[in-house]
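Laboratory data are not the source of any read-out in this text; all were calculated from the coordinates shown. None of these values were measured; they are calculated from a predicted model. Here the Cβ positions follow ideal geometry from the backbone for every residue, glycine too, while neighbour counts run over all protein chains shown.
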Amino acid sequence: MSHTRWEPALKGAAEVQAERAEIRLAMAFAKAVYERRKALGLPQAQLAERAGLTQAKVSRVEGADAVPTLPLLRRLAHALDAGLTIALDEDREEVTFIAHPAA
């Protein structure tokens, strides 16, 4: 059995709360990427090509298994033809792709 399953029980409440906030943010970003990709009718492979990524990387992002860097955020926003807004507060994380207006 992996020690990662019982490790949170050994941590302080503040550490656990911080980890939960990170997970919520990763999930919010993953959901936003997935929903925007679907709205555009793009398969993961096509989004990956547009962003200069591998399909596996897009899959990890959408599965909340990858922590995006600022350059990755920019590449994904560009590939999704949208601006990216991230709102962080003590008890909420909100990630939104805002479609660019049609030219």
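Listing for the model above:
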| quantity | calculated |
| --- | --- |
| Among Ala45, Ala82, Ala14: highest mean-square fluctuation, GNM of the chain, C-alpha pairs under 10 Å | Ala14 |
| Phi to ³J(HN,Hα) by Karplus 6.51 cos²θ - 1.76 cosθ + 1.60 over segment 29-34, Hz, x for Gly, Pro | 5, 4, 5, 5, 5, 4 |
| Given charges at beta-carbon only (K, R positive; D, E negative), |dipole| of the chain in Debye | 420 debye |
| Helix-only [θ]222 nm of the chain, DSSP H runs n ≥ 4, -39500 (n - 2.57) each, per residue, nearest 500 | -17500 deg cm²/dmol |
